[in-house]
1. For the range 296-318, give me the residue count where each residue is touching a residue at least 12 places away in the same chain (Cβ under 8 Å), more than 21 Å from residue 183 (Cα to Cα) and assigned to a loop (DSSP other than H, G, I, E, B).
2. Can you list residue pairs whose Cβ atoms sit under 8 Å apart, with the first residue in the range 243-258 being at positive phi and the second being surrounded by fewer than 18 Cβ atoms within 10 Å (Cβ to Cβ)? Count only pairs 6 or more apart in sequence or on different chains.
3. Would you say residue 260 is in contact with a helix residue (DSSP H, G or I) (Cβ under 8 Å, 6 or more places away or on another chain) and surrounded by 18 or more Cβ atoms within 10 Å (Cβ to Cβ)?
4. Which of the residues spanning the range 259-295 are in a loop (DSSP other than H, G, I, E, B) and more than 28 Å from the chain's Cα centre (by Cα)?
5. Specify the residue that is surrounded by the fewest Cβ atoms within 10 Å (Cβ to Cβ); the eligible residues are those in the range 34-56 that are more than 17 Å from residue 126 (Cβ to Cβ) and touching a residue at least 40 places away in the same chain (Cβ under 8 Å).
6. Which condition from (1) touching a residue at least 60 places away in the same chain (Cβ under 8 Å); (2) part of a loop (DSSP other than H, G, I, E, B) is the one that residue 237 breaks?
């Protein structure tokens, strides 16, 4: 088996950069053959190649030389196992279509198996393309030698300065390792919010509210505070709301919506305005700040919106 890996490494060195272990290179090869076999209509060959890939990942001898790639190998194991199952399922459906007497039903069964095979092959090819692109970026980054550091007596005994965020992400060596950030946000208190409730139950001047806050990131619901009765200056309990996001989501949405509503047990809750909390560009640092209540939009629109919210927000990347 070691001879097979060595030959494969030599053949594929022009396709995949040698930044990872020989085992990873072999698994990429089997995944590539699986994708080609499925896209050209040979699901049995794809199933055999994917099964070989999953088998080699389980081999203890090669795990011993690939301990630093354990997380990535687990992802490739999952991918190859799913590829084998999809290939087997596609072949079974296409085989069963030949046994059915009803031509319309046979065609539907065959088409379903055919579509699964092609779609999975396209998805597998896309993963391999992203993996190749990321590896090439890593190779290009390493080829650029950093400027020599100036000697300093203060630096003696200290660890080297950390690399850039991009280099740390590239060092994962695989597009299968997704990166998530965590946004932590806490609504602390409000002041001078708009009154939405009457002084008395059915009459009198509006002098108070029962405010609560709904937190949104784009269309995604993060959470909701409890309502604080009979006040325009609410103080909410110490509760931190958390949500995991891809870095791309932060670039798209840019802020957290804090929609304020007045709780009403007998009718629909009245909107009291919206606070837009920008997602900080400075990561791993808490930012606590007062934000002005704006009119908002949609179901949270309030023409008479007033006041401010004190909000704490932090983006965790570690």
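Readers should treat all values here as calculations from the given coordinates under stated rules, not as data from a laboratory. The shown structure was predicted, so the numbers you read here are calculated from the model rather than taken from an experiment. Positions of Cβ are generated from backbone atoms using ideal geometry, with glycine treated the same way; all protein chains shown enter the neighbour counts.
1. Filtering the range 296-318 down to residues touching a residue at least 12 places away in the same chain (Cβ under 8 Å) leaves 296-297, 299-302, 304-318.
Then drop every residue that is not more than 21 Å from residue 183 (Cα to Cα), which leaves 296-297, 299-302, 304-308.
Narrowing the set further to residues that are assigned to a loop (DSSP other than H, G, I, E, B) leaves 296-297, 301-302, 304-307.
So the count comes out to 8.
2. Listed pairs, sorted by first residue: 254/278.
3. Working: in contact with a helix residue (DSSP H, G or I) (Cβ under 8 Å, 6 or more places away or on another chain): yes; surrounded by 18 or more Cβ atoms within 10 Å (Cβ to Cβ): yes.
Yes; evaluated as a whole, the condition is true for this residue.
4. Residues of the range 259-295 in a loop (DSSP other than H, G, I, E, B): 263-269, 279-286, 293, 295.
Selection gives 263, 264, 265, 266, 267, 268, 269, 293, 295.
5. 44
6. (1)
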